[in-house]
Structures are given as C-alpha cells and as structure tokens.
Amino acid sequence: MVRSFFCLAAAFAVFAGLPVMQADAQTARAMITSPVDEHQLVTLEGNTHPAAADPANDRGAVADTLPMQDMLLVLKRPAEREAALESYVESLTEPGSPNYHRWLTAAQIGTQYGPAQSDVAAVTKWLTAHGFTVNAVYPSRMAIDFSGSAGDIRTAFHTEIHKLNVNGQSHFANMRDPQIPRALAPAIVGIASLHDFHGQPASHRGPAWTDANCGLGKQSLIANCYFVTPPDLATIYNFNPVFSGKNTGQGETVTMVEDSDLYATSDWKKFRAMFGLSQFGTPSIAQTHPGGAKACDDPGTNVDDFEATLDTEYASAAAPGADIEVASCKSNATWGVTIAIENLLNRSKPPHILNVSYIWCESEAGSANNALYKNAYQQAAGEGVSIFVSAGDEGAAVCDYGKAKASHGIAANALASTAYDVAVGGTDFGDTYNGTNKTYWNSSSTKAYGSAKSYIPEIPWNNSCASRLIAKFVTGSNVTYGTKGFCNSKDGENNFITTLAGSGAPSSCATGSGGKCAGYKKPSWQKVFGNPSDGVRDLPDISMFAAGITWGHAYIVCLSDPNNDAGSPCADFPNRWEYGYGTSFAAPVMAGVQALIDHARGGKQGNPDPVIYKLARAEFGASGDAKCNSSLGNKVASTCVFHDVTVGDEDVPCAKGSPNCFRPSGTYGVLSKSGGSYKPAFVSAKGWDFATGLGSINVANFVKAWPH
C-alpha cells in the first residue's frame, strides 16, 4: 500500500509539473550504526595543508584558548543517494526528461538526497559532547558549521594547531590529519578547515597608465597598447546584436562571491557612464553578507577590492541591464569565500548566476574543501544555479600561484574542477604576433572609447618565456628549453620568467592525498572532438580574453581606493585609470552572458556545461570546423558559435627537480607532460584543448543557439 501511494504521488508530481524525487529522508540508510568508541579512531586523510609538513615553517603550538570560529564539518551521503542525485541533476538539463528544469530547493535536496537525519544527529551530539558549539546544520545536510577552540580541536580531533611562518607571512594550521571515532567515519569527509590558508584572486593589475606606453615596459612586445573597453568587448565578441534586440540581461541578477567589500559602488557607476553602459538602463548594485543557515560577518574592504570591483564592472559590460550583487563574508577558520558560497546556495532563494573568480589548486585545498565545493556546486545545479569559475592564471601549474616558475607540476583549480561549474580560461589577441594591429583597431576611439573593428584572432593568454609564440617573435626561433632556448636567454630570463598564463589541466587531486590523489571522473557531457580519453574532468570549458599586456592588450578598470593605488586612481581618464588582466575578467563576462541567456529563455538554466558541449559537438563534429578557426580573424564565418583557438600554448617555465619539468640543460626547464621529453603542457589544437577549452564564443550566436 505504501509503495502504491508513492508511485501515485510520483505520477501526480510529473502531471502537476513538480520535481520527481526519491522517498522521504526517514527511509535513508543510516551509515553510523555502531556505538562511538573514542579509542577506535580513523584518520581523515587529505585534511592537512602542505605548509604544515615543512618543519622550517613551524613556530610552535598556539594557546588552547585560540578561537576556531565557523569551521565546516563536511558530511557524505550514502552511495545510493549520491548516485540518485547525480542522475536527477543530469536529467534537469535533458530536454524531454520529465525532470527538465524541475529545480529543487536546498531543503528538498537535504530531505530527499542527504544523509540520514540520525547520522546528522549523531555527529552533532558528538561535537557538542566535546565542547563545540554547533552554529548550524545546512539545509542540504552536507555541512555543519561549528565553533570551538584550539584546545577543543586537540582533544576531539587529536591534532594540534600551530603557528606557522610561510614566506614571511604568519598563519595557523593543524599539524597532521585529524582523527575521529571509527563509528562516525562513514558519514564524514573532513573539516574545512583547521587552518587559515585559502585561495587567491584570479586577477592582476598594472599601475596607472597612459596611452603613450604599455605600463610594463620591457615585458611588453609592443610600444603602444590597444586596451579593451566594454564597447571593444561588445564588438569583438558580437554582443551588439543581442543588445539591439532589447536583451541586456534586464530583470536578471549576477552574484559575485568576493573576499572583500567594494570600496565604492560609485566606481561601478562611473565605469558604466564612461563606457556607454548607462544607456541600457539603471540596474542596481548591492553589497551583501549572505546569511544562509548562519549569518556571516562583514569582511570590510581589503586588497581584494580590486577583484570585487573588476567582477562587477565586466559582468555589467556583458549584461549592462542586469543587477549586480556582491556577496562577501569574513574569513575565520574557514575562508570567507567558502562561507559565502555555502550561505548563498542554502538560502531560501539562491542566486540564478554565481561568479567565483578565485584560484586554489586541488592538492592544497585538500579533500574536505574539494568535497565541500563539489557538494555545493552539485546542490547549485539541482537548484538551477549557473556557476562560472576562473580556471586559473598560472598555465597548467595552478599550485604555483604568484611564483616565477613552476615547482609543483601540473595541477587544476579546485574551485573550478567539479562537474557542476563552467571553468573559464583565458585568451589573448593574436594581432600583434601577426603584425595586423591596424587591421583590427581604429586609430581613434568612439565617444564611449571603443576602437576595435571586428572579431580579432585569438591565442592562449601566456606571458611566459615558455610560450613558443613569444620565443618566435623575439628570437625568430620557437625553442623555449635548453641552454639555447628562450627561457635561458638573457631576454627570456630577465623579462619573461613568470607563470602568468591562462590555466587548463586535468583534475588530478580532487579526492585523496599524496600518492592516493585522484581526479574527478569525466562528466558524461564532456565528450567532444579534441577532448582526451583520460577518464577525468578536464579544464577549461570555454575561454574569453583575459590577457596581460605582453602582446599589448589588457582590460581597463575603475577603482578609486587610494589605499590600493599610489596614483590618483579612476580620475582624468584615461591617464589615471588602471589596467587589469586574468581569468577573473573572463569568468564574470561569461556570467554576464548567462544573464542574457536567462533573460532570453525566461528563467534560470542550471549547469550550463551540458548545453555548451552539446552545441560544441554540433559545430566541431568529428574533425573540427575550419571556417570557425579563430586564426581567420575577421574572416571567421558569421555563423560560428565558437571560435576554435588553434595557435599557441599555455606552457610556463619550471624549476630544476620539479614534477613534469623538461629541463635538458640550462637553469630553467618548461612544464611538460613528460619530464624526459618535450611535450609542452599544453598546446592549442583543433577542437577542445587544455589551453583554451572550446575556445571563445560569438555571443549573439551563442544566445540564439541556446535551446528553448
């Protein structure tokens, strides 16, 4: 009788347009079935930051009274429920499925697909028994926010919190993986986190510039720059037909997850007025500190306000009619960006579009953070949220953020490597390399400071000596490695030893740790010409312009924070404005494009990746589409959805002894898929590739092709 009732209810749900879900949460299989014995312990592997393994960093234990606020205990659901949720989420983007666009709430996901309530209760009881305060259990049931002290951590999790000094910066961290009673282990992944290390913004900036030079001088290959403004972006990527069709993303909201407040919303308004975006209406901009299961604290304004500012400005450049929300939370034991993501997705009305412009490599984020991002993004896909994440700014060496050379080998961005977000990589323009600047840029600007004439051929963004295009341009030879290679030449060593490049790599350490690392499995939708049969999730999915000055191109940013610039910023345009670059620009541009799609299709679209790859399979076929080759520039076919980038690479220099480093001779090697031969990581090719994914897009065609 019960079974018949459930089947009848499911049939009614399909008829009535309601989500078809599994049985009630009370029927969930309990995974905690034994009494808790504090003497029977297991280790939660992959929950220690690598910096804690170096004794030179250790400065001794912190006081037991040190507050450890807002730690997140990451839970796991039964395997059968995980499989059921994966299947349901996949059906949400399949036209013809009875579940097509039948989004769930966070509470429904928790009830229908979360761990058993008895498991959650057992874990919270254990935490409170050890003196912790349980601040909140998220509605998804996949994370518990709790607080305590370093002493509580030591007694409950059997690991000490120490002070560290890493490259002159003070930190705290647990010194070994935590341990918990064996009985609880089936329901727990780990803790995010027991340290204050976190990801970094995927953006970089130059000093206040003038149009008489390129700002970085010796690192630029051209005397005069062609900076990219919103009108240029609209011309190059064909936004204008969408805007002319009265679609500017009006009625939609793009939410930016940030590590800082905006310095001033007036910067966004000035940016819009300067570049002609005000003609598209008066959308709002809001600074929020999202409360979900638990409210978060205001982080205030800090050095990352440049990131927050550029995200708002370039999402608005892509969707000038859309509202903008900046969501930021203060970091405690858990990174504020992580808290903001969780709170946004667990509130009663989650955002439709979420942008995350930060980088944290999989192995450094650790298994608990990786699981948390995967669970959160999967939940977002179930709720209908579209997430765009910067793929990274270090070529294939994402663990070497801010370093001159790679020393950790090939790695992917943990914030971007799940199957439930769009990983956005970076391109540069190939006109300087080809000697065709005048073909693509007018000598004077319009009233709104646009000077681009048309679509411009693209190459992967790569500022480093390992770029074969830079080596060829400077020396006439594309050899980058060895004693006679460009990276070991005087010019290369003095000016181009950097890892600044658009990122792409296979997922390799999303689960486990050390020698037990494994990448996320390849999503069913990531099948397209050019994508390798490597069995894992590959990044990026798509790319847009993100480059930094080497070939004479960068974005323009308005930031008036006097503490973040030595000049008189955002005044006397163009002389006192700034330029910026990084995949932090490409991601919010794509988030803005999603706002145009949501407006055109009348609502939120969920995970865009299955649709994006379906469109790419139609265009690329079994061997690519020659008429959509980006190298054709203004001769590329007007019907193309994607611009297939086929020239250049994302390779970067590497240090002696580092993984994946080909160094036959000389001081510097180059990152390679093989340490014993030159297999650069990675090159552009026809179809999908690690350097730029599917390439960039023709926005008008992309929006038009999106299914109804």
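The values are calculated or read from the model by the stated rules, or taken from the named source; none is laboratory data. The structure presented is a predicted model; accordingly, all values stated were derived computationally and were not measured. Don't worry about glycine lacking a Cβ; one is built from the backbone with ideal geometry, like all the others, and counts go over all protein chains shown. Note: areas computed on protein heavy atoms with side chains; ligands, DNA, RNA excluded. Shrake-Rupley method; radii C 1.70, N 1.55, O 1.52, S 1.80 Å.
Across all Cα atoms of the chain, the radius of gyration (one decimal) and Dmax (whole number) stand at 24.8, 81 Å. The string of couplings for the range 242-258 from the Karplus curve (6.51, -1.76, 1.60, θ = phi - 60°) is 5, 4, 5, x, 6, 10, 10, x, 4, x, 9, 10, 9, 9, 9, 7, 10 Hz, one whole number per residue in order, with x for Gly and Pro. If you plug the beta carbon distance of residue 33 and residue 169 into 1/(1 + (r/R0)^6) with R0 = 45 Å, you get a FRET efficiency near 0.50. Residues whose amide H lies under 5 Å from that of residue 425, counting only those 5 or more places away or on a different chain, are 391, 541, 542, 543, 544; hydrogens are built 1.01 Å from N in the peptide plane. Summary value for the range 389-533: 29 percent relative contact order, contacts being C-alpha pairs under 8 angstrom separated by 6+ residues.
For the set 635/673; 330/614; 405/521, the pairs lying more than 32 angstrom apart at their alpha carbons are 635/673; 330/614. For the range 598-708, the alpha carbon positions stretch 57, 33, 23 Å along the principal axes, listed from largest to smallest.
Please list 361-372, 586-597, 150-161, 251-262 highest first by mean number of surrounding beta-carbon atoms within 10 Å per residue.
Order by mean packing, descending: 586-597, 361-372, 251-262, 150-161.
Between residue 287 and residue 349, how high is the FRET efficiency from 1/(1 + (r/R0)^6) when r is the Cβ-Cβ distance and R₀ = 22 Å? Nearest 0.05.
Values: r = 18 Å, r/R0 = 0.81.
Step by step, r from the Cβ atoms, then E = 0.80.
For the range 139-291, the Kirkwood hydrodynamic radius from C-alpha pairs, put into Stokes-Einstein at 4 °C and a viscosity of 1.567 mPa s, yields a diffusion coefficient of 60 µm² per second.
Give the relative contact order (percent, whole number) for the range 289-439; include only Cα pairs under 8 Å separated by 6+ residues. Don't skip to the end; give the middle numbers.
Numbers: 203 pairs, mean separation 30.8, N = 151.
It comes to 20 percent, rounded to a whole number.
List the lysines whose alpha-carbon lies under 18 Å from that of residue 270, not counting same-chain residues fewer than 8 positions away? Once the sequence-local lysines are set aside, what remains near residue 270 is 447.
Backbone phi angles across the range 530-543, fed through the Karplus curve with coefficients 6.51, -1.76 and 1.60 (θ = phi - 60°), yield HN-Hα couplings of x, 6, x, 8, 9, x, 10, 5, 10, 10, x, 8, 8, 9 Hz in residue order; Gly and Pro are listed as x. Return the lysines within reach of residue 472: Cα separation strictly under 20 angstrom, same-chain partners fewer than 8 residues apart disregarded; answer none if there are no such residues. Cross-link targets: 218, 484, 490, 679.
A crude spin-label estimate for the pair residue 133 and residue 518, with each label 7 Å from Cα along the Cβ direction, gives 3.9 nm. Please report how far the C-alpha centroid of the range 221-248 lies from that of the range 503-556, rounded to the nearest whole angstrom. When both Cα centres are located, 26 Å separates them. The share of accessible area on the chain that comes from carbon and sulfur is 53 percent, using a 1.4 angstrom probe. Amide H contacts of residue 649 (H built 1.01 Å from N, in plane; Pro and chain starts excluded): 468, 469, 684 sit under 5 Å, all sequence-distant by 5 or more or on other chains. Across the range 184-193, coupling constants 3J(HN,Hα) worked out from phi with the 6.51/-1.76/1.60 Karplus curve, θ = phi - 60°, read 7, 4, x, 9, 10, 8, x, 10, 10, 8 Hz, and Gly and Pro carry x. When only Cα pairs below 8 angstrom with a gap of at least 6 residues are kept, the chain shows a relative contact order of 16 percent. For the peptides 395-408, 465-478, residues were scored by their other Cβ atoms within 10 Å and the scores averaged per peptide; the highest-first order is 395-408, 465-478.
In terms of packing, defined here as the mean over residues of other Cβ atoms within 10 angstrom, the peptides 499-507, 648-656, 695-703 line up highest first as 499-507, 648-656, 695-703.
Once you order the gyration tensor axes a ≥ b ≥ c over the Cα atoms, which shape class does the range 411-513 get: rounded for a/c under 1.5, otherwise prolate or oblate by comparing a/b with b/c? Verdict is oblate for the range 411-513.
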